[in-house]
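The structure appears right after this line, and notes come after that.
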Amino acid sequence: MKKVIVAMSGGVDSSLAAALMKDKGYDVTGITLKLFDGQEKYLEDASRMADYLGIRWYMADYSEDFKNNVISYFTNTYKQGQTPNPCAYCNRYSKFSYLISEMKKIDAEMVVTGHYADTAELYGTMHIKKAADPKKDQSYFLSLLTADQIKYLHFPHAHRTKIEVRRIAGKYGLQVSNKKDSQEVCFLEGGDYRDYLSKFVPLDYGKGNFILNGLIIGEHKGILNYTVGQRKGLGISYHEPLYVKNIDPHTCNIELASRQNVFFKNIKAVNCNFVTTPPERFTAKAKIRYRMTEQNCSVEIRENNTAFVEFEEERFAPAPGQILSIYDGDYVLGGGFINEVF
């Protein structure tokens with residue numbers, strides 16, 4: 001009997017994933033990663049669902065590594081005047097690394113999660129592939145995963161909608177079938193990111209000036225309070241809406257602009273990961289935010305895992321620090337961190 005490890009968060013997606021794998025005859029072990037304080041309810045629900053399903057379950061405490069890795073990345077990225085994507089970063093550098101490590105410890109062969117994504121072969125190598133339900137597809141957040149990570153993964157909900165998942169979970173009698181979806185950034189627990197940052201960095205860190213057309217038009221509260229593309233909460237009166245165009249962590253000045261002046265076609269991405277070695281130049285589709293569709297672009301690969309992407313049409317406010325995800329049809333070729341826009 002093939003042994004698998006199922007990441008169980010206590011929610012409906014992962015609970016049903018465990019139930020489905022058991023029904024298919026797999027030897028299932030549930031695991032819940034303890035990553036931050038305040039997870040007690042999630043741990044309780046996951047343990048309860050494992051008991052109900054009659055499978056082994058345990059908790060693995062990675063909270064110290066998570067704090068030193070993901071939380072540190074989150075706070076430092078804001079201090080650099082950029083916008084982090086902790087979910088994509090965590091998937092690559094923490095969560096799936098932990099899960100694969102635990103998988104090997106118990107001699108399992110596969111990591112199963114409740115993500116809405118798929119895996120399929122492209123160019124002879126397993127890639128992340130978009131889920132069938134475009135409203136729930138999470139491939140964007142998985143675009144930094146390596147080939148060595150993807151080969152171990154299985155996503156049972158690749159071809160299901162959320163409504164179908166809840167309906168099937170109800171048939172299994174899972175008490176979490178109608179449980180509210182978790183927030184995208186788990187450790188924020190639905191709160192404002194500024195409140196969380198204030199635990200580590202004073203929110204007035206990096207106070208400076210608002211700049212418009214080269215002129216100082218006011219002072220801001222500190223660079224942690226703003227992100228590229230932001231319009232609301234600037235506290236600036238002007239005859240038209242203003243948006244954050246650029247945040248300079250060295251001068252701590254924030255450049256503002258009208259909406260038409262925060263569109264860009266060209267993006268430099270760094271620390272890029274591609275599942276297979278790409279050609280030096282190629283055409284593809286890419287997106288710079290989770291809630292958007294991919295757009296046609298040309299990609300040029302440079303040294304040091306750097307990529308230059310030119311979109312056919314200008315994109316609204318690409319934010320340094322966010323993830324650029326590159327696709328070939330439904331397949332994720334790879335991704336990287338937006339570093340410059342022009």
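The values are calculated or read from the model by the stated rules, or taken from the named source; none is laboratory data. Given the structure is predicted, the values throughout are model-derived calculations rather than measurements. Please note: Cβ atoms are built from the backbone with ideal geometry, for glycine as well, and neighbour counts cover all protein chains shown. Quick note on the areas: whole protein, heavy atoms, side chains included, nothing else; ligands and nucleic acids left out. Shrake-Rupley method; radii C 1.70, N 1.55, O 1.52, S 1.80 Å.
Couple of notes before you dig in:
- Output for the stretch 14-45, where each listed residue is in contact with a strand residue (DSSP E or B) (Cβ under 8 Å, 6 or more places away or on another chain), part of a helix (DSSP H, G or I) and at pLDDT 95 or above: 14, 17, 18, 21, 22
- Strands (runs of 3 or more DSSP E) fully within the stretch 189-271 counting 3 or more residues that are more than 25 Å from residue 288 (Cβ to Cβ) and touching a Leu at 6+ places or on another chain (Cβ under 6 Å): none
Results for (1) among the acidic types (Asp, Glu); (2) more than 20 Å from residue 143 (Cβ to Cβ), shown as yes or no for each residue.
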residue: 240; (1), (2): yes, yes
residue: 252; (1), (2): no, yes
residue: 266; (1), (2): no, no
residue: 275; (1), (2): no, no
residue: 310; (1), (2): yes, no
residue: 320; (1), (2): no, no
residue: 328; (1), (2): yes, no
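- In the stretch 240-272, the residues that are touching a residue at least 60 places away in the same chain (Cβ under 8 Å) and hydroxyl-bearing (Ser, Thr, Tyr): 243
- Within the stretch 50-140, helices (runs of 4 or more DSSP H) holding 3 or more residues that are without any contact (Cβ under 8 Å) to a residue 12 or more places away in the chain and open to solvent by 40 Å² or more (accessible area, probe 1.4 Å): 96-105
- Tally, over the stretch 1-13, of residues that are open to solvent by 10 Å² or more (accessible area, probe 1.4 Å) and part of a helix (DSSP H, G or I): 1
- For the stretch 273-325, filtered to residues that are among the hydroxyl-bearing types (Ser, Thr, Tyr) and touching a residue at least 12 places away in the same chain (Cβ under 8 Å), the residue that is most open to solvent (accessible area, probe 1.4 Å) is 283.
- Only one of the numbered conditions (1) free of Cβ contacts under 8 Å to residues at least 40 places away in the same chain; (2) under 23 Å from the mean Cα position of the chain (by Cα) is not met by residue 145, and that is (1).
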